[in-house]
Amino acid sequence: MDPVAVDILKSEEVVAGNTPAATPRSWYSNVLVVAAVLFAAVSVGFVGSIFWSSLPTWVHHGGTLLTSSAWVSPAGPFGGLSMITGTFETSIIALVIAVIIGLGTSISIVFFIPRRFRTVVATLVELLAAIPSVVYGLWGLLVIAPWMEVTVNPWLNKWPFAKTIFGNSGQEFGTSLLLASIVLGIMILPTFVAISREVIAVVPQDLQEASLSLGATRWQMIREVVLPTAKIGLFGATFLALARATGETVAVALVAGSVANAQFHLLYPGTSIAAWIATEFGESQGTEISALMALGVILMLLNVGLALISRALVSRQRKVLARV
Amino acid sequence: MTDLIELEEPTEPSTSSREEIRRISDNARARRVVTSRIMVALCGVALLIAAVPLVALLYQLIDKGAGQLNLDFFTKLPQTPTLIAPNATGGISNAIVGTIALTLYASILAIPVGVLVGVYLAETNSKFATTLRVIAQTMAGAPSILMGLFAFSFIVHDLNVGFTAIAGSFALAVLMLPVIIISTEIAVRNVPNSLREAGLALGAKPHMVSTKVVLPSAVTGIVTGVILAISRAVGETAPVLLVIGGGFTNSWQPFNPVSAMPLAIFENAKSEWPSQRAQVWGIALVLVAFVFVLSLTARIWASRKQQVRN
Amino acid sequence: MTEIQAVPTTQVVTPRVRGPIEMQLKNVAVSFHGRTAVRDCTFDVEKNRVTSLIGPSGSGKTTLLRALNRLHDLTPGAKVSGQIILEGTDIYRGNLTVTELRTRVGMVFQRPNPFPTMSIYDNAVSGLRFNGIKKKSLLDEAAESSLRSAALWDSVSSRLKVAASNLSGGEQQRLCIARALALEPEVLLMDEPTSALDPVATLRIEELMTSLKSRVTVVIVTHNMQQAARISDDCAFLLMGEDRAGELIEFDTTEKIFNNPVDSRTLDYTLGRFG
Ligand SMILES: Nc1ncnc2c1ncn2[C@@H]1O[C@H](COP(=O)(O)OP(=O)(O)OP(=O)(O)O)[C@@H](O)[C@H]1O
Ligand SMILES: [Mg+2]
């Protein structure tokens, strides 16, 4: 399970359920305050320094960054469009994969797995989340990409509309946006499962039994009662998984192909904001670094926005259930 | 409260409707049951599909990685293969030393501050504390590449420290901080208030209660969080990629460039030398083993302590 | 239809002419992971009467009630033995699917629990929808008649599309009863249906149960002795045995159980001397 995601969930609950006694001032409380202020400074510095470094780009080339897809090292122009579209494209396909498989997984874990296997399965999902993303990237690059190139891509290209969706150029690439989406989907699965499992598990038992007592089948119970009751929380899980997908860096850098192209075609190589920062940074200087920092600002805003939406949804779900 | 209800004669639907309802539901029953079975089976299939990558990945890691492990792998410095010696990849000792050094310095930077901030959040109810909590939660989910950008612009560039281990450790520390803060706060808040009150009732000073009573009872949760934070930092590539410079010696110096295992994987996975690409599996196996041991330790320890408490 | 027969308990049976039988329990026992929670339950539930299950906490009332519509099927480690016969069919071994059984044996829970994401109307017809009925005219008719039967129609007919959570606790519980009635069940199981309600709402539900008798057989678990005495016709008293497993001590008409029980423990309990 995604430990951070679940911890965030828990922390809301724990905070809501516990009011500490007021601590009088002492040298000890002063130390705590100093640490807190230090952390506040770090967080301000975190946002501030990235934004500050990106300022030249916003001032001089802000329009280019958001509208052009031409990225020419080292002097510019620095257009970020292909990274932005690549981020959305890969993240959304990954999300579709993760939500479909993840929902089935969560439902199975909550309703169908015998209790004594539940911990084992939960541990396995947690391990999936603990694997460093560079290892997923390595696996995608050295194992899946050659297989895609030789087997999957030619097969996909035989479909009707293949040219529109996949971009049949006659060339076969192993690394592609499609591969990046699949690897990303696998990577965000544990995050989605961690949260969706929790929100599904807390749907009150008697609601489930009430539906069964009306002659519902187990699937009707899940579909008509459990999922609607957990709906808001499930959206929260979805947004958090999306946030994770947009921020994933090295795996995408390895398997997407690291090419700045604004093609939507899934079998073409591409890149994402985070992956592009990782691959370009080493060879960059001056204005290009500033442009990469500006991409970082976009990524930060996107990520914070999605995470805040997710938090709001999950805490609303908690309130909904409190009323049920 | 209104008056008691007037009970009407119980009304029943007409006989024809009842029959129609009965007929429809009898006809629909078999189909509903089959649909349910199919959907349940599909959920099971989803679970199996979710397991496939884990199994495949672990299998390949061991299959391809185990053969790479030998004494040279752990103790030698890396070499670039040449046409004459295409299999001379050397070892990864610099990456192992680098990863340990980076994690060590990052822990020194992050753990004390993180624990103190966590305790602060747990013992304070103020706007400031609430804001910090939201910041910590948001930062915990922030893309790790941003920590790299921060470390670059602040440490490498502004402080002019250059591409060094300490810059990487700074990035990792920023990554670990929110995780430690959140888990510490949870651990401290989970200490029963009665314990706290008992301490105060005995006349202990608040800071004595906090350090002598509350922190010791919360220590399991705190340590679990710290281990999870470390295991996350060990595997991170993106933040260190931008700032550690990729040293080729075994260096413990904070102000030298260093390498790291994730970085070595990232660089060598794209190598044109088959021998280097093969070696990468060995590095990945070591890294994953490291991370698994850390997170399983944290998990088992936490659940053991939980049982003791229950 | 099963033939009419006397109650096969070891107790002395009052020679009363019994009506047609809805459900027959023969040596019903329920265990969880091999630990017996309730056993030796043998009695007949008569048609169009209210049968109450009373007994101290932990004596297995809920456990027994849930066996009657096979809600234990999904509990891991739960095992139901003995026979429960509904209109001649063994509900565990006969050829009656569990979904069909549950449309014939409905249930109302302790906590008023309308489906929170559905409107009042949708709650009322949810059972029909689960069973595949989509035709609007049928749903409308069933919604109105079931809400009327639950004495709820007059207060909610103008706001059927409103979320069910807007109703008061008592109204919510009546909606749950309406929801169960919409399927025209033969038996309605109720597990302490008024324990979460105030006295006025409780009284309304009690009146409702009496009025429904002509149409449905009610089996109700209650902790409230006055309630059992007020509304039930027959009464089963359960008590924990030595090994903490609940067992049926006595089953008879409510009048007999409260006024002239065979077992002294029954008298002790109904007089509030223990438990
Ligand atoms: N799902 C279960 N798993 C294990 N044991 C159970 C389960 N459900 C009930 N029991 C046990 O069965 C026994 C009877 O419980 P039950 O809930 O039927 O009692 P009750 O008479 O309804 O009590 P109350 O009046 O408090 O509602 C108890 O000892 C309980 O622990
Ligand atoms: Mg009960």
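What the table shows:
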item: Answer from B:T220, B:T124 - the residue that is over 27 Å from B:A260 (Cα atoms), within 8 Å of chain A (Cβ to nearest Cβ) and among the hydroxyl-bearing types (S, T, Y); result: B:T124
item: Some residue of the stretch B:54-67 being away from chain A (no Cβ under 14 Å) and closer than 23 Å to B:W281 by Cα; result: yes
item: Test: residue in the stretch C:93-116 that is basic (K, R), within 16 Å of ligand 1 (Cβ to nearest atom) and more than 11 Å from every other protein chain (Cβ to nearest Cβ); result: no
item: Sole residue being touching a His at 6+ places or on another chain (Cβ under 7 Å) and closer than 19 Å to A:G215 by Cα, chosen from C:R102, C:R66; result: C:R66
item: Residue under evaluation C:T217, criteria (1) under 13 Å from the mean Cα position of the chain (by Cα); (2) over 21 Å from C:Q110 (Cβ atoms), criterion not met; result: (2)
item: Residues satisfying the stated conditions in the stretch B:30-41, i.e. crowded, with 16+ Cβ neighbours inside 10 Å and under 17 Å from A:S106 (Cα atoms); result: B:S36, B:M39, B:V40
item: So B:L177, is it in contact with a helix residue (DSSP H, G or I) (Cβ under 6 Å, 6 or more places away or on another chain), assigned to a helix (DSSP H, G or I) and in contact (Cβ under 8 Å) with a residue 24 or more places away in the chain; result: yes
item: Out of B:I222, B:I300, sole residue that is more than 18 Å from A:L138 (Cα to Cα) and within 15 Å of the chain's Cα centre (by Cα); result: B:I222
item: The one condition in (1) over 20 Å from the mean Cα position of the chain (by Cα); (2) at pLDDT 85 or above; (3) small (G, A, S) that A:A75 fails to fulfil; result: (2)
item: Count of the stretch C:48-74 residues which are in contact with a Gly (Cβ under 6 Å, 6 or more places away or on another chain) and more than 16 Å from ligand 2 (Cβ to nearest atom); result: 0
item: Residue in the stretch C:220-235 that is out of contact with any Leu (no Cβ under 7 Å at 6 or more places or on another chain), of a type in the set (G, A, S), at pLDDT 90 or above and more than 16 Å from ligand 2 (Cβ to nearest atom) present; result: yes
item: Tally, over the stretch C:54-64, of residues that are within 8 Å of ligand 1 (Cβ to nearest atom) and under 13 Å from the mean Cα position of the chain (by Cα); result: 4
item: Residue under evaluation C:S145, criteria (1) in a loop (DSSP other than H, G, I, E, B); (2) at negative phi; (3) more than 20 Å from the chain's Cα centre (by Cα), criterion not met; result: (1)
item: Selected residue (only one of C:D198, C:D191 is facing another protein chain (nearest Cβ under 10 Å) and within 16 Å of ligand 2 (Cβ to nearest atom)); result: C:D191
item: Spans of helices (runs of 4 or more DSSP H) in the stretch A:221-290 with at least 3 residues more than 20 Å from A:V135 (Cβ to Cβ); result: A:231-247, A:273-280
item: Matching option when the condition is within 17 Å of the chain's Cα centre (by Cα) and surrounded by 23 or more Cβ atoms within 10 Å (Cβ to Cβ), among B:A140, B:A151; result: B:A140
item: Members of the stretch C:20-47 that are in contact (Cβ under 8 Å) with a residue 60 or more places away in the chain and within 16 Å of ligand 2 (Cβ to nearest atom); result: C:A37, C:V38, C:C41
item: Some residue of the stretch C:67-86 being in contact (Cβ under 8 Å) with a residue 24 or more places away in the chain, within 14 Å of ligand 1 (Cβ to nearest atom), hydrophobic (A, V, I, L, M, F, W, C) and part of a helix (DSSP H, G or I); result: yes
item: Filter result for C:L25 (under 23 Å from C:L181 (Cβ atoms) and crowded, with 17+ Cβ neighbours inside 10 Å); result: no
item: From C:S158, C:S165, residue being more than 14 Å from the chain's Cα centre (by Cα), free of Cβ contacts under 8 Å to residues at least 24 places away in the same chain and over 12 Å from A:L214 (Cα atoms); result: C:S158
item: Failed item in (1) hydroxyl-bearing (S, T, Y); (2) under 12 Å from the mean Cα position of the chain (by Cα); (3) within 10 Å of ligand 1 (Cβ to nearest atom), with C:T51 passing the rest; result: (3)
item: Flag for B:V214 being more than 10 Å from chain A (Cβ to nearest Cβ) and in contact with a helix residue (DSSP H, G or I) (Cβ under 8 Å, 6 or more places away or on another chain); result: no
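Here's the yes/no breakdown for (1) modelled with pLDDT under 85; (2) assigned to a loop (DSSP other than H, G, I, E, B); (3) within 11 Å of chain A (Cβ to nearest Cβ); (4) touching a Cys at 6+ places or on another chain (Cβ under 8 Å):
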{"residue": "B:V226", "(1), (2), (3), (4)": "no, no, no, no"}
{"residue": "B:V240", "(1), (2), (3), (4)": "no, no, yes, no"}
{"residue": "B:T249", "(1), (2), (3), (4)": "yes, yes, no, no"}
{"residue": "B:A264", "(1), (2), (3), (4)": "no, no, yes, no"}
{"residue": "B:R277", "(1), (2), (3), (4)": "no, no, yes, no"}
{"residue": "B:L285", "(1), (2), (3), (4)": "no, no, yes, no"}
{"residue": "B:F290", "(1), (2), (3), (4)": "no, no, yes, no"}
{"residue": "B:V293", "(1), (2), (3), (4)": "no, no, yes, no"}
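The values are calculated or read from the model by the stated rules, or taken from the named source; none is laboratory data. Because the structure is predicted, anything quoted here is derived from the model rather than measured. Positions of Cβ are generated from backbone atoms using ideal geometry, with glycine treated the same way; all protein chains shown enter the neighbour counts.
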